[in-house]
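Notes for the one structure printed next.
The values are calculated or read from the model by the stated rules, or taken from the named source; none is laboratory data. Keep in mind the model is a prediction, meaning the values are calculated, not measured. Ideal geometry is used to build each Cβ from the backbone, glycine not excepted, and the neighbour counts take in all protein chains shown. Keep in mind that these areas ignore ligands, DNA and RNA; they rest on the heavy atoms of the full protein, side chains included. Shrake-Rupley method; radii C 1.70, N 1.55, O 1.52, S 1.80 Å.
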Amino acid sequence: MLKNIFPLVAEIPTEWQLNDFIEQRAYLVNGELRIWDGPMNEVVSPVSTNTGNSIEKNIIGTTPLLTQKESLEALDAAVAAYSNGTGEWPTMSIAKRIAHVEQFLVEMKKQRSTVVKLLMWEIGKNLPDSEKEFDRTCIYIEDTIKGLKNLDRRNSKFENEEGVIAQVRRVPLGVALCMGPYNYPLNETFTTLIPALIMGNTVVFKPAKYGVLFIKPLLSVFQNCFPKGVINIIYGKGRETVGALMETGKIDVFAFIGTNKGASDIKKLHPKPNRLRSVLGLDAKNPAIVLPDADLETAVSECVAGSLSYNGQRCTALKIIFVQEQVVDSFIKKFTEGVAKLKCGMPWEKDVKITPLPEPGKTDYLKELVNNAKQFGASVINENGGEVNDTFFYPAVLYPVNAQMRLYTEEQFGPVVPIVSYKNIEEVIDYVVQSNFGQQLSIFGTNPKLIGHLIDELANQVGRININAQCQRGPDTYPFNGRKDSAEGTLSVDDALRAFSIRMLISTKDTVANKNIVQTIVREHQSNYLRLDYIF
Ligand code: G3H
């Protein structure tokens, strides 16, 4: 099945060939693109090629392996630009900060084709999803600008309570450290980075483990669009770079999308944890619950897409499917037929859904999970399930899965789909209640009474319940969060603006003299904060 999955070099369409090796030595500190002449990290593409005799890995570029020293220089630049809240950026008017971000967006859009191509080569994401990641990020930035204007307009007023006149504004928190995940290295990183910047924080940004080279064309865009030190971009191993930053105690906001273990290890290093705000998107094991009266066509198509879009490498992916025993046979028949229709191939191929995996060792890890499930009585029930060629793993559907297996609780983050047959809905409710994770779940059914009961049982367990639909983050204006080990804080276009800022009140006693002062400040535009003007 997978023997000829990787193309000969000559078979790669010209449009998608990477003609040049990308040696990426520059990093951005204090408005300067500094050139690193130390050790480099090789970027190995998940897309291998077929030489005719063997499968060959493609090393498509290198990125700097910076040390503590350069990371701390980046932090110093961010600290200086923030200057305890007195710097140019944190005190700049909102309208001016918005103008910087608008300029950034115009310049970023010019890099679309380069970024999309690199996303395919670096993380194996298919072409439509790579394009969507880019476009969705641009829309997110546009919506963020709109959201901030709305927020600012709502705050352009005075309250008068109990003889105290007040105006409430939102102001930045300080220096933010932003780190994103490899599965959405552009989108998820920018959904924290852009709100952090636009609210007046200064930032140290470290790109994800994979999905790094595509930042190269954006480095000079960042450099040109923001004052020096406002955004600093570093590369290297987490333990070498990020730990040192956190230990200084100078990070005020930690925005991280990754594992809960990674987040806790980094957070613990901050010497004054009460000064650190965290915005975290973490692990998940979102279950689908298929009720006996579910419309199986809908349930199957949503579960196939929900568990296997981008090879199951989405934090919101359906990672375990519970099916009521009366319908489990019909469900798995239709489900495996649905999986068989998913086209495997290289990211740029038309209609391709299953692509190579970027994490080294991932196929071995997935095999381990499959073998563990087999040991406790499950079988791979789809043809070719679990077949491997280099970085390619053909989706494996495992059934019947039970609580003894690692797949029951462990987040596979890949193309392995565990299916559990249940008798009583209480078994599933208990699973959700006992789970360490609480991001989202999906319910498939048609009986309003039963669905209503389940909603009430499960509403305090997760951040979102999807009815007859797969789990997903979007639309990005809706709150995205999680309970337990799945998240800290809430993200959405508007929530992110709040997450990276704090309310600040300007107040005075209601006397004639005070009112005169306030009115004069406002009328004569004496303050960037105390004002009544609208940003349209
Ligand atoms: O990896 C987690 C992403 O936030 C999921 O977003 O549901 O739009 O794929 P998505």
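For region 286-478, the solvent-accessible area works out to 39 Å² per residue, with a probe of 1.4 Å and every protein chain left in place.
With K and R counted +1 and D and E -1, the other residues having a Cβ less than 13 Å from that of Ser113 yield a net charge of +1.
Here region 286-478 exposes an accessible surface that is 48 percent carbon and sulfur, computed with a 1.4 Å probe and the other protein chains kept in place.
Taking only the Cα atoms of region 300-351, the radius of gyration and Dmax are 12.4, 41 Å. Antiparallel beta bridges, as assigned by DSSP with both residues in the chain, represent about 45 percent of the total such bridges.
Determine the sum of side-chain charges near Gly445: Lys and Arg each +1, Asp and Glu each -1, restricted to other residues whose C-beta is under 13 angstrom from that of Gly445.
-2
Pairwise Cα distances in region 76-201 exceed 26 Å in 34 percent of cases.
Express the relative contact order of the chain as a whole percentage, based on alpha carbon pairs under 8 Å and six or more residues apart in sequence. Each step should come with its number before you reach the end.
On the way: 1111 pairs, mean separation 96.5, N = 536.
That works out to 18 percent.
When the alpha-carbon atoms of the chain are used, the pair Rg, Dmax equals 25.1, 88 angstrom.
About the centre of its Cα atoms, region 105-224 shows a dipole size close to 300 debye [charges on the beta carbon of Lys, Arg (+1) and Asp, Glu (-1) only; nearest 20 debye]. Here's the list of lysines a cross-link from Lys353 could span, going by alpha-carbon distance under 17 Å and ignoring same-chain residues fewer than 8 apart: Lys117, Lys125, Lys132, Lys341, Lys343. May I ask for the net charge around Ser307, where only other residues with Cβ less than 13 Å from the Cβ of Ser307 are counted and Lys, Arg are +1 while Asp, Glu are -1? With Lys, Arg at +1 and Asp, Glu at -1, the net is +2. For region 9-281, what is the percent of antiparallel DSSP beta bridges, rounded to the nearest 5? Of those bridges, close to 45 percent are antiparallel.
Note on Lys334: aspartates and glutamates with a C-alpha under 17 Å away, same-chain residues under 8 apart excluded, are Asp293, Asp295, Glu297, Glu302, Glu325, Glu383. Stokes-Einstein diffusion for region 9-281 at 25 °C, viscosity 0.890 mPa s, with a Kirkwood radius from C-alpha pairs, works out to 125 µm²/s.
Could you pull out the pairs from Lys333/Lys374; Lys69/Lys206; Lys3/Lys237; Lys250/Lys319 whose alpha carbons sit more than 26 Å apart here?
Numbers: Lys333/Lys374 19 Å; Lys69/Lys206 15 Å; Lys3/Lys237 34 Å; Lys250/Lys319 37 Å.
In this structure, Lys3/Lys237; Lys250/Lys319 exceed 26 Å between Cα atoms.
Sorting 510-517, 371-378 by their mean Cβ neighbour count within 10 Å, with the most densely packed peptide first, gives 371-378, 510-517.
For region 9-281, with all protein chains in place and a probe radius of 1.4 Å, 49% of the accessible heavy-atom surface sits on carbon or sulfur. With the convex hull drawn around the C-alpha atoms of region 19-121, the volume per residue stands at 135 Å³. Per residue, region 9-281 exposes 39 Å² of accessible surface when a 1.4 Å probe is rolled over the protein heavy atoms with every protein chain present.
Rounded to the nearest 5, the antiparallel percentage of DSSP beta bridges internal to region 196-334 is 0%.
Can you work out D for region 149-221 in µm² s⁻¹ from Stokes-Einstein, where Rh is the Kirkwood radius over C-alpha pairs, the temperature is 37 °C and the viscosity is 0.692 mPa s? For these conditions, the coefficient is 223 µm²/s. Panel values: region 286-478, Kirkwood radius from alpha carbon pairs, Stokes-Einstein at 4 °C and 1.567 mPa s, translational diffusion coefficient 78 µm²/s. What you get for region 286-478, charging only the Cβ of Lys and Arg (+1) and of Asp and Glu (-1), is a dipole of about 260 debye around the Cα centre. Our note on the geometry: Cα centres of region 13-79 and region 370-407, 35 Å apart.
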